[in-house]
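Worksheet: the structure to be examined is printed underneath.
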Amino acid sequence: MLPVEPLQSDSNRQRVRAVTVRTLPMMMVCLLLAVFQVQAADTPTKPAGLISTSPGAELWREVRQRDGDVTGTTQVRSPGADVLVNVSGQAWREYRMEELIPKASVAILIVLVVIVVFRLLRGRIRIEGGRSGLRVLRFTTNQRIAHWATAILFVTLGLTGLTLLLGRNLLIPVFGAEGFSMIAGAAKFLHDYLGPVFMFALVWLFILFVRDNVPSPKIDLQWLLKGGGMFGKHVHAPRYNAGEKLWFWLASIGGLAVIISGLVLDFPIFGQTRATMEFYHWVHSVSAVILIVVSFGHIYMGTAALEGTFEVMQTGYCDSNWAREHHDLWYEEVKDSAEPVPGQQARTRREESTGAA
Amino acid sequence: MARMKFYCDAERCIECNACVTACKNEHDIPWGVNRRRVVTIKDGEQGERSLSVACMHCSDAPCAAVCPVDCFYTTGDGIVLHDKDICIGCGYCFYACPFGAPQFPEASAFSSRGKMDKCTFCAGGPEEDQSSDEYKKYGRNRISEGKLPLCAEMCSTKALLAGDGDVLSDIYRKRVINRGASAFDWGVNFNSTKIQG
């Protein structure tokens with residue numbers, strides 16, 4: 001049996017001290033390791049508790065629509081009210097201010113310069129054979145009414161549209177902000193209300209004119225290759241030459257684009273979003289500017305450029321010599337229906353009669 | 001001069017819509033027109049946040065840039081206002097505005113737009129200050145009375161702040177520091193926040 005020794009014996013004390021001395025460094029190392037471990041565990045994980053990712057990088061990324069459309073919820077019931085930041089607005093602003101307005105202005109200026117240069121080069125193009133005194137029916141009354149209804153609406157819509165597009169730069173310096181506000185208000189009113197009427201006029205025009213505007217590739221291509229006789233001799237052409245056909249189809253297709261986009265813009269009551277409106281404004285403005293620019297060519301060719309042309313859409317009749325020169329293939333079909341212009345005798349007969357007298 | 005600004009603190013807004021109501025009441029705004037609205041992102045999900053938004057009175061205001069009749073102007077305090085006598089209600093400002101601020105009452109046939117209405121920072125319009133004309137067209141002119149916009153003045157959680165941009169920045173900076181937000185995007189930790197005076 002082992003002798004029971006008091007705990008505080010000398011030998012025992014020495015043993016405890018020895019153990020302590022030996023293990024203390026190890027304990028210190030362990031302690032240090034533990035402390036570092038705690039710190040290491042703390043660093044990578046987020047502290048527990050009520051956490052949101054703020055300063056809000058994620059929230060603001062959503063608000064600014066960085067990763068595509070994000071909509072929220074709101075009590076306001078208007079289209080797009082649930083979008084905090086509409087990013088398409090900036091693109092539209094840049095399109096309208098930096099592309100549409102400068103490019104439309106330049107295009108209009110260029111076409112005006114081209115017309116002036118053409119006028120200076122060619123002057124007024126006369127009927128080479130002079131007036132015959134015989135007339136041929138070219139447009140029915142129906143066709144003329146449809147043409148002028150469309151034309152008056154087109155010019156009104158074009159001018160009011162350009163007023164809204166360019167007026168801030170061109171007209172405010174002239175009329176002042178308040179004066180121009182009245183003009184622009186009237187322009188917007190006319191534009192909004194006459195736009196839908198233009199739709200009916202254009203459809204009517206299309207129905208009446210489409211038959212003779214069907215392309216006849218061989219003749220049309222020849223006409224185009226010879227530049228429509230712009231700088232030389234007359235080119236064979238049926239009832240409508242390739243230039244007129246191109247204008248007809250451009251006006252029809254461009255007109256359709258303008259009408260559809262215009263209706264979307266005109267009635268903002270079907271929940272159209274801003275992106276929708278911006279897209280249709282783009283369609284509307286591009287097609288309208290193209291139509292306006294080309295219409296300048298059509299208007300010049302139809303009025304001052306050629307002798308005997310404007311009266312055709314005025315009266316419906318053209319001079320038979322005009323028809324022979326400009327639309328020879330058509331004239332061959334209808335020359336038998338030529339009749340003297342009322343109130344004046346055919347020049348050939350008059351010459352004959354004066355010669356006889 | 002002060003540069004007036006709105007700031008909405010997403011950590012404080014509780015989507016009570018009181019700013020919307022106060023605005024409508026103060027300026028006697030008709031149905032369908034909302035100068036201010038509250039939008040909630042991630043409604044009912046983790047990370048739900050609400051923001052009150054109105055005209056932010058931009059320095060380079062897109063509405064003013066695209067306006068075909070040039071009816072916008074910026075006051076010396078940086079408040080973007082417009083002249084309803086010149087506005088023709090075309091809606092271009094609404095297309096260009098990032099915040100959906102411009103509003104249009106339905107004016108006549110086919111729901112055509114009336115003259116644009118938007119937040120004025122409670123600063124009225126070009127008419128004589130505090131005239132009845134000004135009130136009819138633009139609502140109350142609190143700025144001329146030395147008061148700030150009502151929406152922010154009565155915000156119960158002080159989420160919506162309005163006033164001099166420098167002062168607003170200081171207030172918000174203090175809030176951010178108190179919340180313990182760090183540059184390492186640890187987030188707002190309300191447990192470890194020490195409330196300071």
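For segment B:88-113, give me the residue count where each residue is over 22 Å from A:ASN86 (Cα atoms) and surrounded by fewer than 24 Cβ atoms within 10 Å (Cβ to Cβ).
Here the count works out to 7.
Within segment A:263-299, the set of residues being over 11 Å from the mean Cα position of the chain (by Cα), of a type in the set (Ser, Thr, Tyr) and crowded, with 17+ Cβ neighbours inside 10 Å comprises A:THR276, A:SER295. Say whether the condition of being away from chain A (no Cβ under 11 Å) and surrounded by 23 or more Cβ atoms within 10 Å (Cβ to Cβ) is met by at least one residue in segment B:69-87. Scanning segment B:69-87 turns up at least one residue that is away from chain A (no Cβ under 11 Å) and surrounded by 23 or more Cβ atoms within 10 Å (Cβ to Cβ).
Within the span defined as segment A:37-45, every residue fails to be touching a strand residue (DSSP E or B) at 6+ places or on another chain (Cβ under 9 Å) and either modelled with pLDDT of 75 or more or not in a helix (DSSP H, G or I) (or both). Number of residues in segment A:295-314 that are hydroxyl-bearing (Ser, Thr, Tyr) and free of Cβ contacts under 8 Å to residues at least 40 places away in the same chain: the value is 2. Counting only helices (runs of 4 or more DSSP H) wholly contained in segment A:239-357, the ones carrying 1 or more residues that are under 30 Å from A:GLY123 (Cα atoms) and either among the charged types (D, E, K, R) or at pLDDT below 90 (or both) occupy A:242-266, A:310-315, A:320-326, A:328-334, A:347-356. Taken over segment A:188-221, the criterion of being of a type in the set (Phe, Trp, Tyr) and touching a residue at least 60 places away in the same chain (Cβ under 8 Å) is satisfied by A:PHE198, A:PHE209.
This table checks each residue for (1) within 27 Å of A:HIS191 (Cβ to Cβ); (2) part of a loop (DSSP other than H, G, I, E, B); (3) hydroxyl-bearing (Ser, Thr, Tyr).
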site: B:CYS119; (1), (2), (3): no, yes, no
site: B:PRO126; (1), (2), (3): yes, yes, no
site: B:ASP129; (1), (2), (3): no, yes, no
site: B:ASP133; (1), (2), (3): no, no, no
site: B:LYS136; (1), (2), (3): no, no, no
site: B:SER144; (1), (2), (3): no, no, yes
site: B:LEU148; (1), (2), (3): no, yes, no
site: B:ALA152; (1), (2), (3): no, no, no
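The values are calculated or read from the model by the stated rules, or taken from the named source; none is laboratory data. The structure presented is a predicted model; accordingly, all values stated were derived computationally and were not measured. Cβ: placed from backbone, ideal geometry, glycine included. Neighbour counts: every protein chain shown.
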